[in-house]
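Quick notes on the structure that follows.
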Amino acid sequence: MKKILPLVSEWKVMHAEPGLGTTAGCSALPLAERWVPAQVPGDVHLDYERAGLIADPFFGTNHDHCRWMEEWDWWYRTDLVPPTPGPGQRLHLLFEGLDVFATVYFNGKQVGKNQNMFTPLRVDVTDHVQPGTNRLEVCLGSPVTPPGRMPSPEVRGYGNPLRLQVRKAQSCYGWNITPRLVTIGIWKPVSWLLVEAAEIADVFVSTIALGKDGTAELEALVELKYNHGAPGPLEIDLTVAGQMRTIRLPGDPAGDRHVERFTVPRAGLWWPPNHGAQPLYDWTATLRRDGQELDRRGGRFGIRTVDLIQEPATDGTTSFIVAVNGRKIFLKGMNWTPVDAIYARINDARYRELLHATKGANINALRVWGGGIYEHDSFYAQCDELGILVTHDFMFACGCYPQDPEFLAEARREAEFQVRRLRHFACVAAWFGDNENDVLADLSFNYPAYRHNRLNKEILRDVVRAHAPLTPYVPTSPYSPSVYDQNSPREGDCHLWAHGQSYKAELFVGQQPRMVTEIGHMGMPDLAVIERFVSPDQRWPIWNEEYLTHGSDCTRLDRRGLLWSMWQSIQARGWAEPTSLADLITKMQQLHSEASQFWIELYAGQPDCWGIFLWSLSDCWPQISPAYIAYPFHPKPALTAVKEAYARVLR
């Protein structure tokens, strides 16, 4: 039977001049002495900090002194004894995440390449294994020199347009909420796979219909993968919600697909909080050939339907409403951005802490923002358990992306993997093609024709239709399909930003949006957080480099802009200018709370508005920002205001 064995070994890492490998280069230090111990999964910044070669990138301006790291190749190496395949088996290596331009060598021979942080790499190494100890090496090329990609005037966007050519988390190249800290590493687990001739590629259980008599009609899609050997008939024992079926397939080497229907009586439906419970059902599948078990898989699913209602009204507007199990749900939302700027450090415990705080604040929906990452499975599994809906951007943000065939093919491959992975989770309610690409192409990048791009209007749309056809898809956020203004409040979703203005400004109170998917107000963290990133002699006044780069201006694009907006907000409130750090903290925390409560009450009180997503739940490093939880876990008073305001929303 197929076995998955974690690859546990002692790794080391070194940086090298691009293209020269580990045995050549101009160095006063012998190359063999460059190696330092590494952790896998991990990131080279963490390894070099542990080795004392860099200081904590999250303090002061230390991240500036790490910029050299993005310019080099990085080599991982380990010596190990691979497991021995059984009769009829072959040995595969599975890298769940390589960040980002990866070439894998086994005993000095190239066995695989990958150029996407968001897709796995699986290679057959059976024929490369030697008796005894073997050497595994991974070269991660410089993430600022994308292979085969050249600058193009049509590729433009927020910050350095280089990032738009690279399929990795966009915000790590510098954003207003994240440092310029370009991550590099084997950032997800590595495993050995002992595989049989065939295996279960996927089992996807979806809810087709809910009956008035309490029954649920389910559809189970079974997909098989053929690895090696001669084809032959296969048998699958499939159990869904306690009902077992035996399926016989001919064994097509191109891959078998089979759909099986189930009817569940008295089905327990999955609901968001305050609308019902969150029961989860089990499925299992066992694959056999000639009585021999080849593979076994299992998982959980929720019985629920999701619809995005977009219906014209008599006043010329169009609704934008998420309905779960036929019931319209007001989305008491929050934006979810990366919870650590070093993504390899994100773990189940961090998810648990933040998601329980989310539910505790009466939040029933999260919007996974397109400048970050597709989260680990455990994030979505916990959202399933807690009943938190997820609207999900594909990881494209604030730019006009390449449209050449090679880039679009890679984007399709990424989307296929992620949609197939995440379609299992009841919480995933909708896919959005990107964050703000179309609206900014017009307003900021002087490229209005980009709204007709193939990436979000064709490639991503077709992937969702093919692999999760019952999940709503929206090409971009914000999106207004029938008018020129992509941020129109009369249809689709909209983003509302006005740093420095009163939270009661006309931009906010004069709108009657269908749904607000971004809105936020700057808020100061507590002094304990500030002490984590500002030197003692720099804490007041705040007009210095340490504050500026941790003040929602990590890219140096706005410089004093967002910090100065706090003074403008205080002035707009009618208060005196802050005279001390404590005074600034007190006033901005109160403003953050007032704005949050006001906006929730304003938009939840409008009968045609069906959701608000505040910006954002948490920071990814110590900073001044609109987030409600400062890094790593310091809730601001505004989170309590959100909890109280959302508790009063009963739609």
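Confirm whether V123 is assigned to a strand (DSSP E or B), farther than 23 Å from T23 by Cα and β-branched (V, I, T). Yes, satisfied.
Could you list all residues from the stretch 65-81 that are under 22 Å from D619 (Cβ atoms) and either without any contact (Cβ under 8 Å) to a residue 24 or more places away in the chain or part of a strand (DSSP E or B) (or both)? Correct list: H65 only. Please verify whether the stretch 110-120 includes one or more residues that are closer than 18 Å to P18 by Cα, touching a Gly at 6+ places or on another chain (Cβ under 9 Å), of a type in the set (F, W, Y) and modelled with pLDDT of 95 or more. No, there is no match, as no residue in the stretch 110-120 is closer than 18 Å to P18 by Cα, touching a Gly at 6+ places or on another chain (Cβ under 9 Å), of a type in the set (F, W, Y) and modelled with pLDDT of 95 or more.
Are any of the residues in the stretch 251-266 open to solvent by 50 Å² or more (accessible area, probe 1.4 Å) and of a type in the set (A, V, I, L, M)? The answer is yes; a qualifying residue exists.
Yes/no per residue for (1) polar (S, T, N, Q); (2) closer than 20 Å to R514 by Cα; (3) in contact with a Lys or Arg (Cβ under 8 Å, 6 or more places away or on another chain):
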site: P607; (1), (2), (3): no, yes, no
site: Q623; (1), (2), (3): yes, no, no
site: I629; (1), (2), (3): no, no, yes
site: P635; (1), (2), (3): no, no, no
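Of the residues making up the stretch 135-152, just one is open to solvent by less than 10 Å² (accessible area, probe 1.4 Å) and over 18 Å from E70 (Cα atoms), namely L136. Selection of first residues in the stretch 408-423 that are touching a residue at least 60 places away in the same chain (Cβ under 8 Å) and of second residues that are of a type in the set (D, E, K, R) and surrounded by 16 or more Cβ atoms within 10 Å (Cβ to Cβ), restricted to Cβ pairs under 8 Å at least 6 apart or on distinct chains, gives the following pairs, ordered by first then second residue: E410/R167; A411/R167; E414/R167; R420/D202.
Taking the stretch 503-546, which residues are touching a residue at least 12 places away in the same chain (Cβ under 8 Å), under 24 Å from G574 (Cβ atoms) and among the acidic types (D, E)? Within the stretch 503-546, no residue meets the criteria. Look through the stretch 214-230, keep the residues that are part of a strand (DSSP E or B) and of a type outside the set (D, E), and return whichever of them is most open to solvent (accessible area, probe 1.4 Å). Among those residues, the one meeting the criterion is K225. Residues in the stretch 314-358 that are charged (D, E, K, R), over 15 Å from the mean Cα position of the chain (by Cα), surrounded by fewer than 19 Cβ atoms within 10 Å (Cβ to Cβ) and modelled with pLDDT of 95 or more: R327, K328, R352, E353.
What do you reckon, is T476 open to solvent by less than 10 Å² (accessible area, probe 1.4 Å) and either touching a Ser or Thr at 6+ places or on another chain (Cβ under 7 Å) or over 30 Å from A415 (Cα atoms) (or both)? No: the conditions fail for T476. Identify, please: which residue in the stretch 359-375 is among the charged types (D, E, K, R) and outside any helix (DSSP H, G or I) and is, among those, nearest to the chain's Cα centre (by Cα)? If we take residues in the stretch 359-375 being among the charged types (D, E, K, R) and outside any helix (DSSP H, G or I), then E375 is nearest to the chain's Cα centre (by Cα).
Okay, residues lined up against (1) modelled with pLDDT under 95; (2) under 28 Å from T471 (Cβ atoms); (3) assigned to a strand (DSSP E or B):
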residue: W192; (1), (2), (3): no, no, yes
residue: I200; (1), (2), (3): no, yes, yes
residue: I208; (1), (2), (3): no, yes, yes
residue: K212; (1), (2), (3): no, yes, no
residue: G232; (1), (2), (3): yes, no, no
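Against the list (1) closer than 21 Å to S618 by Cα; (2) modelled with pLDDT of 95 or more; (3) open to solvent by less than 20 Å² (accessible area, probe 1.4 Å); (4) among the aromatic types (F, W, Y), the condition F508 fails is (1). Only a single item in (1) within 30 Å of E545 (Cβ to Cβ); (2) without any contact (Cβ under 8 Å) to a residue 60 or more places away in the chain; (3) open to solvent by less than 50 Å² (accessible area, probe 1.4 Å); (4) not aliphatic (A, V, I, L, M) is not met by R50, and it is number (3).
Of T84, T103, T119, all but one fail to be farther than 25 Å from Q165 by Cα and of a type outside the set (F, W, Y); the exception is T84. Among the candidates P18, P85, P57, which residue alone is part of a loop (DSSP other than H, G, I, E, B), under 30 Å from A630 (Cβ atoms) and either touching a helix residue (DSSP H, G or I) at 6+ places or on another chain (Cβ under 8 Å) or open to solvent by 40 Å² or more (accessible area, probe 1.4 Å) (or both)? Exactly one of P18, P85, P57 is part of a loop (DSSP other than H, G, I, E, B), under 30 Å from A630 (Cβ atoms) and either touching a helix residue (DSSP H, G or I) at 6+ places or on another chain (Cβ under 8 Å) or open to solvent by 40 Å² or more (accessible area, probe 1.4 Å) (or both), namely P57.
The values are calculated or read from the model by the stated rules, or taken from the named source; none is laboratory data. Owing to the predicted nature of the structure, the values given are computational and were not obtained by experimental measurement. In this analysis, Cβ positions are derived from the backbone assuming ideal geometry, glycine residues included, and neighbour counts consider all displayed protein chains. The accessibility values were calculated without ligands, DNA or RNA, using every heavy atom of the protein model including side chains. Shrake-Rupley method; radii C 1.70, N 1.55, O 1.52, S 1.80 Å.
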